[in-house]
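Right, one structure below, let's go through it.
The values are calculated or read from the model by the stated rules, or taken from the named source; none is laboratory data. No experiment lies behind these values; they were computed from the predicted model shown. Ideal geometry is used to build each Cβ from the backbone, glycine not excepted, and the neighbour counts take in all protein chains shown. Protein only, heavy atoms only, side chains kept; ligands, DNA and RNA dropped before computing areas. Shrake-Rupley method; radii C 1.70, N 1.55, O 1.52, S 1.80 Å.
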Amino acid sequence: MEFRSARDNQPVDVGKVEVRAEMAMPGMPMVNDAQVEATDTPGRYAVRYNLSMSGTWTLNIKFDTDKSSRISLRVS
Ligand SMILES: [Cu+2]
């Protein structure tokens, strides 16, 4: 996972990053907290998650103490 500045598209170190994968299934919400490690490259993080089924997951990303973002991840 890579973070870049919207201003100049350069990589940005965003400090601590947390990633939680969620799948909203009726009656059976699924959640997995990913392992996130900073790499030697500023702004680039290694993310490992364990997703127990295929389908569309939402990655909830927290970073830089007070910012967050969501992305959809299609797993097949
Ligand atoms: Cu599921």
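Key figures for this structure:
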quantity: Karplus-derived 3J(HN,Hα), 6.51/-1.76/1.60, for each residue of the stretch 45-54, Hz, glycine and proline x; calculated: 10, 8, 10, 10, 9, 10, 9, 7, 7, 7
quantity: Near-label residues of the stretch 1-22 by backbone N, under 19 Å of a point 7 Å along Cα→Cβ of residue 65; calculated: 12-19
quantity: Residues whose placed amide H lies under 5 Å from that of residue 34, excluding near-sequence neighbours; calculated: 19, 20, 21
quantity: Solvent accessible area, Å² - residue 76, 1.4 Å probe, full protein context; calculated: 150 Å²
quantity: Label-point gap, in nm, between residue 33 and residue 58 - each point 7 angstrom along Cα→Cβ; calculated: 1.9 nm
quantity: Unit charges at the beta carbon, dipole of the chain: most positive-side option, 54, 35, 10; calculated: 54
quantity: Test item: Cα-centred dipole of the stretch 17-71, Lys/Arg +1 and Asp/Glu -1 on Cβ, debye; calculated: 140 debye
quantity: Phi-based couplings in Hz for the stretch 5-16 (Karplus 6.51, -1.76, 1.60; Gly and Pro marked x); calculated: 5, 5, 6, 10, 6, 8, x, 10, 6, 10, x, 6
quantity: Over the chain, relative contact order from alpha-carbon pairs under 8 Å, at least 6 apart, %; calculated: 30 percent
